[in-house]
Amino acid sequence: MLPFILRRLVSAIPTLFLIVTIAFFLIRVAPGGPFDLEQPLEAKVMENLRRIYQLDRSLPEQYLLYVGALLRGDFGPSFYFRDFTIAELFASGLPVSMTLGGLALLVAVLIGGTLGTVAAFRQNSAVDYAVVGLGTFGLTIPNFVVAPVLQIVFGLMLAWLPVGGWNGGAVRSLVLPVIVLALPQIAVVARMIRASMIEALRSNHIRTLRSLGLPTHVVVRHALRGAVLPVVSYLGPAAAALLTGSVVVESIFGLPGVGRYFVEGALNRDYTLVMGTVVLVAVFVLVFNLLVDVLYAVIDPRVRYE
Amino acid sequence: MTPVLSIRGLQVRFRTGDGILHAVRGVDIDVAKGETVAVVGESGSGKSQTMMAAMGLLAANGTVEGSVRYRGEELIGLQPRALNRYRGSKLTMIFQEPMTSLDPLYRIGDQLSLPLVAHGGLSKRQALARAVELLELVRVPDPARRVNAYPHELSGGQRQRVMIAMALANDPDVLIADEPTTALDVTVQARILDLLRDLQGRLGMSIVFITHDLGVVRRFADRTYVMRHGEVVEQGATAALFAAPAHPYTRMLIDAEPRGRKAPVAPSAPVVLDARDVRVTFHTGSGLFGRTRHEIRAVDGVDLRVRAGETVGVVGESGSGKSTLGRAVLRLQEASGLVRFEDRNLMPLERGELRPLRRRMQMVFQDPFGSLSPRMTAGEIVTEGLLVHEPALSRRERDRRAAQAFEEVRLDPSGRNRYPHEFSGGQRQRIAIARAMILAPKLVVLDEPTSALDRSVQKEIVELLRDLQTRHGLAYVFISHDLAVVRALADEIVVMKSGRVVERGDVERIFEAPREAYTRELIAAAFLAAPVET
């Protein structure tokens, strides 16, 4: 297993390099630059800025400079948030996004998994229909609708929870954004677990357990272990997406995460910020896909990586 | 004597998309202590569902009425928790599918411990120690190591032994065995059956055998129930039942054992297929980096000669290379050696050059469900070959030929516009045969054409094949693991094992005086010879 993990990590390097290269030139193809404001800057100022940020060099030169810096772990300065480096922006934002995303993921797995399992055991009952209905609801109502409704009900009418803000990560401030983030994931996990549990409960080896008169919790444990496999492969990319923040949720609840940098970086042609977020997401995706593969082998003994 | 298990007026119904399916219609079965009872019937007779209902294992759309009593205690209507006091401890069951009946994600030892912990009150550690003993009891080699293995690391026969060990873990009163050996090779079948009989002698439990195999019934069962369409049509002591079957259906079942011998072929008949030193090698593992490359010699220097009107039976267990040989002589599989069909050497021919020859060498496969396209009508399936080989035919002419082919395999020609799923297994196999016959072949390779069918249907297909052969002077290569069918059809028999020919000879000679131990084992396992006293 260890050689497999090492090999996968090594093979991630060219992938990452390719992503960086493509993203670097792609954002440069977009018209405009980081200093094109509505009122054009004076030519002299512009020239100085371009020199300071090394934008006066040729494109291949800039590329080599960027890759060189990246290899030293330097994401460079932000072009838009002038007083910050990209590393500083991530250092302050990433813990916020990861806390929210991690909690949302945990909630989604626990609640979605439970609902899906219960629904599978009571297939075609009222409980089952309720879970399937909730699943459809969670997937179809967009988060920019759910979030304000929750803010109005729990923040303004009942006044139980704050409407927004990070507040140093206070539990009360986390509740609403985590619910909004988790809702669609609960829906997906519940539906997937329900479908694969129904399949698992019909399988021959579960019939064997039933014929042996084993208690329900044993049957559930065995069925669930087989049924989580498809969910695990879904959760890899989903976790990468959740942990790197959500633009909508962070904007609505006024949270200082990294999610909004995706949009702001691209709109403001903040080249280093765009590159930083690309690298960040790519690393998360690569790491979580590796985790999924490792988890797969842990759950299913027939999967062996040599 | 009061029975251990007593089934009275059992009814099972399933809600299906097409309405209510009445699978079991008032069945009475008694099982006495230490007795072996066989429940015999063809697929769809309700024999399995009767026992599934008794164990509370019906599918979610099934309902049950009637009474199942274990030592006087009513089981029908019990909540699962109450039923679990009996299931797995007093009443246990093993199933037809040893490959899928164990959980692939848990170690053998963990699975074996489950019933010990749940019913026997053992600790996890005690249960694991007992699991090793149980594996030893069912004669799994090296039990101390196997207890840590996962199911995919065991063979089918070993998995069935593990299933038996799980069923016996709590010393049950009744073991229900639902076609326990059907999915296994014949020699493995025989060993599993011997094991069950031996364990029964030692542990004194009752066994209920659900089976379609009359050979097993005759040899093992004290009493037999014959089921058909959800009802018991006849029951009685096995010996008496076989000696004087009262019900026509029982007579038909007993009679359905393939019988008769084939008339010999004139030695002057022309040789249709002459294959010499056929070899097929498979490579496994990642050959790219040249590290873990394994070579499997699936067929290792086999000769095969078939004359017009002659049948050569190729027998052997799964993995013996018999199917690969069949494909190799038709050049459906890359192989080395020499294969002459009529007067042409097939080996150097390109695809295009082979095509005109292909119509005279056809193949029929085992699976009558998988080998017919579900989206084409039976008529289209049967005439598809004509599109390639006689493209000039008009649609009307093709349809006429389809009707003719249907009649030839004794199917109602009006059914040619229906789709495969509307036909039974036997009818589908007839369609597959018609598809081969419409091209007027000289050589037909039949790969287990009767193995997926009920005995009574098998008999009809055997008769059909025999009849077609006499009428058209066909040469057959008949690949099968079923010696009873081969004996009824073949002139010569080739016994294969691990890609090589172990023994070959006339049918009579092979069955009367087999020279090799392996051949003797195959014959004994098929219950064709008198049971060997042990």
Go through the range B:377-394 and give me each residue that's closer than 28 Å to B:Glu353 by Cα and either touching a residue at least 40 places away in the same chain (Cβ under 8 Å) or hydrophobic (A, V, I, L, M, F, W, C) (or both). B:Ile381, B:Val382, B:Thr383, B:Glu384, B:Gly385, B:Leu386, B:Leu387, B:Val388, B:His389, B:Ala392, B:Leu393
Verdict on B:Leu184 being of a type outside the set (Asp, Glu), modelled with pLDDT under 90, closer than 29 Å to B:Glu448 by Cα and surrounded by 14 or more Cβ atoms within 10 Å (Cβ to Cβ): yes
Long-range neighbours under 6 Å by Cβ, at least six apart or interchain, first residue under 15 Å from A:Ala227 (Cα atoms) and within 14 Å of another protein chain (Cβ to nearest Cβ) within the range A:283-306, second assigned to a helix (DSSP H, G or I) and β-branched (Val, Ile, Thr): A:Leu295/A:Val232
Check the range B:501-508 and report whether any residue there is outside any strand (DSSP E or B), assigned by the TED database to the domain that holds B:Val265 and either on the phi < 0 side of the Ramachandran plot or surrounded by fewer than 16 Cβ atoms within 10 Å (Cβ to Cβ) (or both). yes
Consider the range B:294-322. How many of its residues are surrounded by fewer than 24 Cβ atoms within 10 Å (Cβ to Cβ), under 25 Å from the mean Cα position of the chain (by Cα) and either modelled with pLDDT of 90 or more or within 20 Å of B:Arg360 (Cβ to Cβ) (or both)? 1
Checking the structure you have, find out if any residue of the range B:265-282 is under 19 Å from B:Val501 (Cβ atoms) and in contact with a Ser or Thr (Cβ under 7 Å, 6 or more places away or on another chain). yes
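Where in the range B:144-240 are the helices (runs of 4 or more DSSP H), entirely inside, with at least 2 residues that are more than 25 Å from the chain's Cα centre (by Cα)? Even if it seems obvious, please write down each step before you answer.
Details: elements: B:156-168, B:186-203, B:214-220.
It comes to B:186-203.
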All but one of (1) free of Cβ contacts under 8 Å to residues at least 40 places away in the same chain; (2) in a helix (DSSP H, G or I); (3) not β-branched (Val, Ile, Thr) hold for A:Leu214; state the number of the condition that does not hold. (2)
For the range B:84-100, which positions are surrounded by fewer than 23 Cβ atoms within 10 Å (Cβ to Cβ) and under 23 Å from the mean Cα position of the chain (by Cα)? B:Gln96, B:Glu97, B:Met99, B:Thr100
Got a sec? Which of A:Ser97, A:Ser58 is among the small types (Gly, Ala, Ser), farther than 23 Å from A:Val228 by Cβ and surrounded by 13 or more Cβ atoms within 10 Å (Cβ to Cβ)? A:Ser97
Single condition B:Gly66 does not satisfy, out of (1) small (Gly, Ala, Ser); (2) buried (at least 22 other Cβ atoms within 10 Å of the Cβ); (3) closer than 30 Å to B:Ala239 by Cβ: (2)
Scanning the range B:52-109 for residues that are more than 10 Å from every other protein chain (Cβ to nearest Cβ), β-branched (Val, Ile, Thr) and more than 17 Å from B:Val4 (Cα to Cα) gives B:Thr63, B:Val64, B:Ile108
Examine the range B:24-44 for a residue that is closer than 19 Å to B:His229 by Cα, buried (at least 19 other Cβ atoms within 10 Å of the Cβ) and within 14 Å of chain A (Cβ to nearest Cβ), and state whether such a residue exists. no
Criterion: buried (at least 20 other Cβ atoms within 10 Å of the Cβ), hydrophobic (A, V, I, L, M, F, W, C) and touching a strand residue (DSSP E or B) at 6+ places or on another chain (Cβ under 7 Å) - qualifying residue of A:Leu243, A:Leu183, A:Leu212: A:Leu212
Keeping to the range B:434-460, report how many residues are assigned to a helix (DSSP H, G or I) and modelled with pLDDT of 90 or more. 4
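Given A:Val220, A:Val231, which one is farther than 30 Å from B:Ala53 by Cβ and among the β-branched types (Val, Ile, Thr)?
A:Val231
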Filter the range B:197-215 down to the residues that are crowded, with 18+ Cβ neighbours inside 10 Å and farther than 29 Å from B:Leu483 by Cα and list them by number. B:Met205, B:Ser206
Output yes when any residue across the range A:194-202 is away from every other protein chain (no Cβ under 14 Å) and touching a helix residue (DSSP H, G or I) at 6+ places or on another chain (Cβ under 6 Å), and no when none is. yes
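Assess whether A:Arg210 counts as being of a type in the set (Lys, Arg), touching a Lys or Arg at 6+ places or on another chain (Cβ under 8 Å) and within 14 Å of another protein chain (Cβ to nearest Cβ). Even if it seems obvious, please write down each step before you answer.
On the way: of a type in the set (Lys, Arg): yes; touching a Lys or Arg at 6+ places or on another chain (Cβ under 8 Å): yes; within 14 Å of another protein chain (Cβ to nearest Cβ): yes.
So A:Arg210 fits the description; yes.
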All-but-one check, B:Ala256 against (1) within 30 Å of B:Leu346 (Cα to Cα); (2) at pLDDT below 90, failing number (1)
Can you tell me which residue is surrounded by the fewest Cβ atoms within 10 Å (Cβ to Cβ) among those in the range B:395-450 that are within 16 Å of B:Phe365 (Cβ to Cβ) and among the polar types (S, T, N, Q)? B:Gln427
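The values are calculated or read from the model by the stated rules, or taken from the named source; none is laboratory data. On a predicted model such as this, the values are computed, not experimentally measured, just so you know. No Cβ is skipped: glycine too gets one built from the backbone with ideal geometry, and neighbour counts run over all protein chains shown.
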